[in-house]
Amino acid sequence: EPHQWNGGAAYLPSPEHARARYDAALGKVDGMLGRVLDALDPGAPPPLVVVTSDHGEGLGDHGAPYHGTDLSNSQLQVPLVIAGPGIAPARHAEVTGLVNVAPTLLELAGFEVPKDQLEGVSLASLLRGERASDDQGGYAFAAMVKDRSVSEARTAIMRGRWKLIIGPQGPELYDTTADPGELRNLAGSSPALADLKRLLRERESLDARSPFVPLSR
């Protein structure tokens, strides 16, 4: 894994240096993935392969050398590569979250997805080419929970090109297509703010419910 890509140093000498070292670590990870896939039995049924990650890395973006400091896309965006039988090579711009990986794998493996027990939705129809990618749709949610290593709680929600972050400094709204670096806060001028706030309230209402159901006797 690439967690120790900078040798444990606390600071970065330059963004260019950081990206070079991080890219070198990712190259090693890619080589390890190749060894795993090469070891699979070629006579066995073709597998479903998923490559993803739990977070990105700041690398100097928004002043963050590493991760866990904010909800900018440099720390939130991760690769999601899914390959296997019936999946045509393609690149999809539809917004999604890792919560959708489990139901996607279940459906691709031929199982019925227990929709009442899983929060995510299956992307199998998109991967099979049965529907087009919705570049202005999709949905992703992220949160930073205040604890001993996180000083300030934040939440973020993204749909299509629009992303809303709620934190101690108030709402931040970004058009990630026109402003991929998330540098221009449009919370005071965009009509998209109200819809994203509504989606975030719905998400917070869901999070407030207990995930445990009492056993019936």
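Taking θ = phi - 60°, what integer Hz values does the Karplus form 6.51 cos²θ - 1.76 cosθ + 1.60 yield along region 51-57, in sequence order, with x for Gly and Pro?
Once rounded to whole Hz, the list reads 10, 8, 8, 8, 6, x, 9.
Long-range amide H contacts for LEU123: which residues qualify at under 5 Å (H placed 1.01 Å from N, peptide plane, sequence gap of 5 or more or a different chain)?
THR104
For every other residue with a beta carbon closer than 10 angstrom to the beta carbon of MET144, add +1 if it is Lys or Arg and -1 if Asp or Glu, then tell me the sum.
On the way: positive: LYS146, ARG154; negative: ASP70, ASP147, GLU152.
Cβ neighbours under 10 Å give a net charge of -1.
I need the phi-derived Karplus couplings for region 81-95: 6.51 cos²θ - 1.76 cosθ + 1.60, θ = phi - 60°, integer Hz, Gly and Pro marked x.
For region 81-95, the Karplus-derived couplings read 10, 10, 9, x, x, x, 9, 7, x, 6, 10, 10, 8, 5, 5 Hz, x marking Gly and Pro.
Highest mean first, how do 52-60, 202-210 rank when packing is the count of other Cβ atoms within 10 Å averaged over residues? Working shown, then result.
Working: 52-60: 16.4, 202-210: 10.1.
The densest-packed peptide leads the list: 52-60, 202-210.
Of the heavy-atom accessible surface of region 13-88 (probe 1.4 angstrom), what whole percent is carbon and sulfur?
Answer for region 13-88 is 61 percent, counting heavy atoms of protein chains only.
Given the Cα-Cα distance of ASP147 and ILE87 and 0.36 nm per residue of separation, how much length would full extension add, in nm?
Values: separation 60, 0.36 × 60 = 21.60 nm, distance 4.05 nm.
Going from the current span to full extension adds 17.5 nm.
Along each of its three principal axes, how wide is the spread of alpha-carbon positions in region 146-189, in whole angstrom units, largest first?
36, 19, 16
What does the charge count around PRO103 come to, taking other residues whose C-beta lies under 14 Å from its C-beta (Lys +1, Arg +1, Asp -1, Glu -1)? Before the final figure, lay out the partial values.
Details: positive: LYS115; negative: GLU107, GLU112, ASP116, GLU119.
Combined, the nearby Lys, Arg, Asp and Glu give -3.
Taking 8 Å as the Cα distance limit and 6 or more residues as the minimum spacing, I'd like the relative contact order of region 1-133 as a percentage.
18 percent
Give the average over all directions of the projected area of the C-alpha convex hull of the chain, one decimal, in nm². Write out the running numbers ahead of the final one.
Values: hull surface 65.2 nm².
With the hull built on Cα positions only, its mean projection is 16.3 nm².
Please report the antiparallel percentage of DSSP beta bridges with both residues in the chain, rounded to the nearest 5.
Antiparallel: roughly 95 percent of the beta bridges in the chain.
Over the chain, average the accessible area per residue using a 1.4 Å probe and give it in Å², no decimals. Show your work: numbers first, answer last.
Details: 14130 Å² over 217 residues.
Value returned for the chain: 65 Å² of accessible area per residue.
Got a sec to turn the phi values of region 199-210 into Karplus ³J(HN,Hα) couplings, 6.51 cos²θ - 1.76 cosθ + 1.60 with θ = phi - 60°, whole Hz, x for Gly and Pro?
Listing the rounded values in order: 4, 5, 5, 4, 5, 5, 5, 5, 5, 6, 7, 6 Hz.
The values are calculated or read from the model by the stated rules, or taken from the named source; none is laboratory data. Since we're looking at a predicted model, the values are computed, not measured. Reconstructed Cβ throughout: ideal geometry from the backbone, glycine too, with neighbour counts over all protein chains shown. These area figures cover heavy atoms from the full protein model, side chains too; ligands, DNA and RNA do not enter into them. Shrake-Rupley method; radii C 1.70, N 1.55, O 1.52, S 1.80 Å.
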